[in-house]
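Scroll down for the structure; my scribbles are underneath it.
The values are calculated or read from the model by the stated rules, or taken from the named source; none is laboratory data. Small disclaimer: the values here were computed from a predicted structure and weren't measured. Neighbour counts are summed over all protein chains in view; Cβ atoms, including those assigned to glycine, are modelled from backbone coordinates with ideal geometry. Accessible surface is based on the protein model in full, side chains and every heavy atom, while ligands, DNA and RNA are left aside. Shrake-Rupley method; radii C 1.70, N 1.55, O 1.52, S 1.80 Å.
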Amino acid sequence: MTVVYFDWLDYLVFGTMLLLSALIGVYFAFFAAKKQNTTAEYLMGGKTMGIFPISMSLIASYVSGISLLGLPAEMYTYGTQLWAIVVSEWIVSLTISIVYLPVFYNLQINSSYEYLRLRFNQNVRLLGSIIFIIKMLLYIPIVIYVPALAFSQVTGINLHMITPIVCVVCIFYTTLGGLKAVVWTDALQTILMYFGVIFVLIYGTLRLGGFQEVMRINEQGDRLEFFNMDINPTIRHTFWTTVFGNYFSWLAACSVNQAMIQRCLALSSLRKARITIFIMAAGIFTIVSLCCYTGLVIYATFATCDPLSIGAIRKSDQLLPYFVMTITGSIPALPGIFMSGVFSAALSSMSTGLNSLCGVIFEDLIRPTYNKPISERTASFIMKIIVVVIGFICVALVFLVEHMGALIQAGKSLAGITAGSLLGLFTMGLFLPWINATGALVGGITSTLLVGWISLGTQAAMLRGEIVVVPKPLDVSGCADNFTLHFSTTSDSTVEFDRSGTFFLYRVSYLYYTFIGMAVCTITGAVVSYFTQPNDPSMIHRDLLTPVIHRWLPPQNIHCRRPRLTQHDIELQAREMELLNLRTAYMNDKDDNGLDNEIILTGNKNIFS
């Protein structure tokens with residue numbers, strides 16, 4: 001097959017997507033009715049955002065280019081067991097809406113880590129913020145690298161030339177337009193992402209002869225595997241790792257993540273936030289399933305001529321762009337639409353990360369250090385500087401990413417370093433009122449260091465060749481004769497991890513990292529609290545604890561102070577202010593027109609009832 005590169009129409013489609021993204025940022029910065037020059041507008045969109053753009057933004061944020069490229073490569077190389085992660089995503093959405101969201105929405109906080117200060121103290125809040133910053137600095141470079149890798153494959157341009165261009169566009173509209181620009185750009189990019197994936201998927205399926213033929217070829221190639229019920233934790237993917245292990249990974253990514261909290265609090269009611277969560281779950285279920293099925297289509301296409309074996313591509317994560325260019329490259333503008341979808345997923349994840357990092361750094365690290373209030377104009381300027389600086393730091397870190405293994409495993413492994421400790425901190429705060437600040441602090445630090453050691457040690461062992469992830473059988477019998485075989489394509493081994501004496505924890509599936517981190521954080525926090533005077537549960541205000549456990553708690557102590565105004569208080573005060581303004585307006589109108597106040601109040605009594 002002859003590889004086809006971008007033509008002028010593909011570049012035009014791709015350039016139009018980048019231009020529209022930039023123009024959205026310009027609009028919200030200079031032409032929108034409400035400018036992004038206050039903290040509430042820049043970080044929360046004035047708390048007046050609608051369900052549609054927030055839902056699309058969440059889908060785009062959590063389905064990055066890592067998923068679009070990594071999931072098909074995973075299905076092609078290792079089979080379909082990872083597809084089972086969609087089961088846990090529904091359960092997580094239900095957990096968020098019942099357990100976590102009511103607490104955060106009631107408190108109305110700008111940073112999710114402000115909760116840690118209200119529940120514990122400033123030191124625990126600082127720990128949570130620092131862990132989150134580390135997490136995003138590990139994650140965003142992978143998000144940037146993904147589209148650069150794909151674009152390099154379809155254009156032949158060096159990925160190190162592409163990376164700065166991607167980042168400058170993203171930094172530009174994120175800096176200028178704040179949350180509203182990020183959300184509406186995400187909505188546009190989500191539509192492009194779905195369109196690109198669906199079009200390629202349908203064309204590839206029809207070309208092979210239909211869905212049944214795709215599944216037949218994959219069954220012959222031993223790709224179909226959904227119920228590997230082996231409980232061995234060192235097997236990379238089983239039903240238990242993809243459902244149970246991924247439940248905690250996804251819970252950490254959504255329930256206590258600044259990006260999620262920031263967007264849910266941008267809505268005007270808890271009901272709307274819950275609806276948005278379930279729309280997001282449906283959207284992610286759909287796009288993940290489409291990406292996984294795309295991997296089956298790619299395998300069915302190259303079942304007898306593996307492009308990685310013959311050197312047509314360098315890494316398995318280039319399979320999808322290679323498939324697009326070789327199979328559908330002759331269709332006008334389709335490669336450009338596909339790359340727009342991949343870039344859209346990456347840009348949305350990066351912009352969300354930058355906006356969330358900006359909020360956490362400003363609210364948790366910068367604002368507390370000021371001895372006097374920060375003006376809204378100064379705050380807006382500081383936040384924009386933060387976005388620019390963090391953006392360019394992430395660009396510099398991209399050069400480390402290309403030395404990692406498969407993107408899905410690398411991304412989840414690095415995320416697991418911080419996800420478990422963050423989930424543990426919030427879980428202790430919401431569910432275990434007797435755990436004190438000292439316990440939370442020690443638990444968070446211990447968890448981060450332990451999982452960091454496991455994750456980095458595993459990556460190092462894989463680079464040294466001590467841990468080998470054996471792919472499914474590959475075949476080159478249908479290729480032309482003029483190629484060089486780059487590695488052995490046959491293996492009788494069905495064991496995914498080499499049991500050659502490597503340290504046990506290095507061999508544990510990466511999908512368990514978050515669970516391990518949360519368990520270590522919680523157990524350590526409970527033990528330390530026990531020996532350092534645990535809290536009196538009656539002195540921890542109910543607003544700081546999930547409603548799920550309220551019925552089992554002792555009566556609230558009358559001296560326990562409310563942490564801050566609840567959402568009900570905020571809405572009540574807003575209504576009272578509105579009524580006061582109406583009364584003032586009527587009184588002024590009476591003075592101007594000489595009307596009797598009693599008549600006005602009587603005639604308009606329904607307004608004040």
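Fully extending the segment from VAL87 to ILE523 would add 154.2 nm, taking 0.36 nm per residue of separation and subtracting the current Cα-Cα distance. The distance between label points at ILE98 and ILE385 comes to 4.7 nm (points 7 Å beyond Cα on the Cα→Cβ vector).
How high is the FRET efficiency between ILE134 and GLN108 when r is their beta carbon distance and R₀ equals 22 Å, given to the nearest 0.05? About 0.25, to the nearest 0.05.
Starting from the Cα of LEU224, step 7 Å toward the Cβ, then list every residue of region 301-324 with an amide N under 18 Å from that point. Flagged as within label range: 301-304. For THR446, the accessible surface of its heavy atoms amounts to roughly 50 Å² (probe 1.4 Å, protein chains only, rounded to the nearest 10). With every protein chain in place and a 1.4 angstrom probe, the accessible-area ranking of LEU71, LEU20, largest first, reads LEU20, LEU71. With both labels modelled 7 Å from their Cα along Cα-to-Cβ, the ASN371 to PHE531 distance reads 4.0 nm.
A Förster radius of 30 Å, combined with the Cβ-Cβ distance separating SER289 from ILE165, puts the computed FRET efficiency at roughly 0.45. Using C-alpha pairs below 8 Å separated by at least 6 residues, the relative contact order for region 153-257 is 9 percent.
Counting only protein heavy atoms and using a 1.4 Å probe, the accessible area of TRP434 comes to about 110 Å². Spin-label pair GLU466-ALA396: with each label point 7 Å from Cα along the Cα-Cβ axis, the two points sit 3.1 nm from one another. Sorting PHE381, PHE503 by accessible area puts them as PHE381, PHE503; the probe is 1.4 Å, largest comes first, and only protein heavy atoms count.
Cross-linked pairs LYS180/LYS272; LYS135/LYS180; LYS180/LYS384: Cα-Cα separations exceed 22 Å for LYS135/LYS180.
Computed with a 1.4 Å probe over protein heavy atoms only, the accessible area of VAL169 comes to about 30 Å². The order of THR16, THR234, THR95 by accessible area, most exposed first and with a 1.4 Å probe, is THR16, THR95, THR234.
In order along region 266-281, the phi-based Karplus estimate (6.51 cos²θ - 1.76 cosθ + 1.60, θ = phi - 60°) of 3J(HN,Hα) comes to 6, 8, 8, 8, 5, 4, 5, 5, 5, 4, 4, 4, 6, 5, 4, 4 Hz; Gly and Pro are listed as x. The C-alpha radius of gyration of region 107-171, expressed as a fraction of 2.2 N^0.38 Å, stands at 1.66.
Rg/Rh for region 58-216 to two decimals, with Rh computed the Kirkwood way over all alpha-carbon pairs. For region 58-216, the value is 1.03.
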